[in-house]
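*Asks:* Encoded as structure tokens, here's the structure I'll be asking about.
Laboratory data are not the source of any read-out in this text; all were calculated from the coordinates shown. Since we're looking at a predicted model, the values are computed, not measured. Glycine also receives a Cβ, built like all others from the backbone with ideal geometry; neighbour counts cover every protein chain displayed.
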Amino acid sequence: MTRFTLDGAEVEAAPGETIWQVATRQGIEVPHLCHLERPGYRPDGNCRACLVQIEGERVLGASCIRKPAEGMVVRTATERVQQARRMVFELLLADQPGAASRDPSGIFARWARHLGVQGSRFAPEPAAPQADPSHPAMLVQLDACIQCGLCERACREVQHNDVIGLAGRGIGVTVSFDTLTPMGESTCVACGECVQACPPALCCPRRWWTRRGCAHRNRSASSPPSAPIAASAARWISTSATTQSWRSPAATAPPTRAASA
Ligand code: SF4
Ligand code: SF4
Ligand code: FES
């Protein structure tokens with residue numbers, strides 16, 4: 001056991017436990033976007049939503065990957081920490097102009113509300129990726145992608161399908177199905193795991209899609225529902241595959257960005 005101080009209280013961490021895990025066990029809420037509390041979704045440390053202050057250290061630390069050391073003093077809610085987290089969310093919001101409000105029940109939107117972040121001071125991304133309507137069961141809209149990599153871990157490490165990867169570099173990084181193939185033409189087996197993992201909820205079963213976003217998610221204030229999405233996708237595939245009618249572009253045309261905003 002490692003003994004350290006967390007928000008003024010003496011706590012113990014089990015071998016391998018991160019600061020985020022200990023804080024959560026203590027009932028302390030620390031935002032997180034790029035990892036989930038589910039088997040297989042290891043923390044990645046890339047979103048910086050979970051920053052905490054560690055005494056004696058110049059920079060804030062990502063609590064989802066940082067393990068406590070004996071005698072460490074950690075604070076999760078100082079003004080500096082809160083400001084840094086709000087900054088992280090503002091920067092991420094600037095990457096998704098017009099898309100952030102589409103799914104008010106997604107993990108990203110709920111944490112943003114929790115932190116009091118309603119808009120961004122930063123210049124928005126000038127161009128957003130087009131929606132990918134090629135899949136019969138899911139509509140992919142990467143205009144709100146925060147490059148957290150959860151969909152990649154969902155597909156590769158949880159379901160072992162290895163369809164999704166992150167392509168490109170720097171600000172050009174994007175989610176890729178196989179080798180930048182449209183999702184409907186990729187080797188995706190429609191398990192739905194990536195849909196339920198995504199914090200801004202970028203994919204949605206197509207029949208739930210409305211002008212205001214995903215109808216199911218807009219109804220739900222709880223965590224993203226994995227089972228209904230996967231089940232819906234599977235049902236849709238099984239009923240559509242016999243007729244192939246879903247291949248008709250006219251029948252499956254997605255709403256335009258303007259209409260869905
Ligand atoms: S739905 Fe397709 S892309 Fe998503 S996790 Fe399953 S196989 Fe991978
Ligand atoms: S599509 Fe969603 S899960 Fe995948 S990297 Fe983007 S925000 Fe993360
Ligand atoms: S949740 Fe810790 S860096 Fe993303």
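*Asks:* On alpha carbon coordinates alone, what is the Rg over Rh value for region 63-205, Rh being the Kirkwood radius?
*Replies:* Answer for region 63-205: 1.01.
*Asks:* Give me the distance in nm between label points sitting 7 Å out from Cα along the Cα-to-Cβ direction at Q130 and R86, one decimal.
*Replies:* 3.9 nm
*Asks:* Something else: What distance in nm separates the two pseudo spin-label positions at Y41 and E185, each 7 Å out from Cα along the beta-carbon direction?
*Replies:* 3.2 nm
*Asks:* Dipole of region 39-159 (Lys/Arg Cβ +1, Asp/Glu Cβ -1, origin at the Cα centre): which of C151, V59, P97 lies farthest to the positive side?
*Replies:* Result: V59, furthest along the dipole toward the positive end.
*Asks:* Around V73, with a cut-off of 11 angstrom between Cβ atoms, what is the net charge of the other residues, counting Lys and Arg +1 and Asp and Glu -1? Intermediate results must be reported in sequence, preceding the final value.
*Replies:* Details: positive: R75; negative: D7, E10, E55, E57.
Summing Lys/Arg as +1 and Asp/Glu as -1 gives -3.
*Asks:* Here's something else I'd like to know. Give, as a single signed number, the net charge of other residues whose beta carbon lies under 13 Å from the beta carbon of Y41, with Lys and Arg counted +1 and Asp and Glu -1.
*Replies:* Details: positive: R38, R42, R153, R156; negative: E37, D44, E152, E157, E193.
Summing Lys and Arg as +1 and Asp and Glu as -1 gives -1.
*Asks:* Could you tell me how far the Cα centroid of region 57-122 sits from the Cα centroid of region 124-183, in Å?
*Replies:* Computed from Cα coordinates, the inter-centre distance equals 22 Å.
*Asks:* Modelling each spin label as a point 7 Å along the Cα-to-Cβ direction, I'd like the A69/A14 distance in nm, to one decimal.
*Replies:* 2.4 nm
*Asks:* Same structure again: Relative to the present Cα-Cα distance, how much length would full extension add between L115 and D7 at 0.36 nm per residue of separation?
*Replies:* On the way: separation 108, 0.36 × 108 = 38.88 nm, distance 1.84 nm.
Between L115 and D7, full extension yields an extra 37.0 nm.
*Asks:* With θ taken as phi - 60° and the coefficients 6.51, -1.76 and 1.60, list the Karplus ³J(HN,Hα) couplings across region 105-111 in order, rounded to whole Hz; mark glycine and proline as x.
*Replies:* 9, x, 4, 4, 5, 5, 5
*Asks:* Now for a different question. With the Cα gyration tensor of region 37-98 giving a ≥ b ≥ c as the square roots of its eigenvalues, does the rule (a/c under 1.5 for rounded; else a/b larger than b/c for prolate; else oblate) give rounded, prolate or oblate?
*Replies:* Details: a/c = 2.87, a/b = 1.31, b/c = 2.19.
Verdict is oblate for region 37-98.
*Asks:* Report the net charge of residues surrounding A84, where surrounding means a beta-carbon distance below 11 angstrom and charges are Lys +1, Arg +1, Asp -1, Glu -1. Don't skip to the end; give the middle numbers.
*Replies:* Details: positive: R48, R80, R85, R86; negative: E79, E90.
Its environment carries a net charge of +2.
*Asks:* Length gain on complete extension for the stretch Q26 to R169, per 0.36 nm per residue less the alpha carbon to alpha carbon distance? Don't skip to the end; give the middle numbers.
*Replies:* On the way: separation 143, 0.36 × 143 = 51.48 nm, distance 3.79 nm.
Value of the extension gain: 47.7 nm.
*Asks:* Could you tell me the relative contact order of region 1-136? Use alpha-carbon pairs under 8 Å, at least six residues apart, and round to a whole percent. Show your work: numbers first, answer last.
*Replies:* Values: 193 pairs, mean separation 30.3, N = 136.
Computed value for region 1-136: 22 percent relative contact order.
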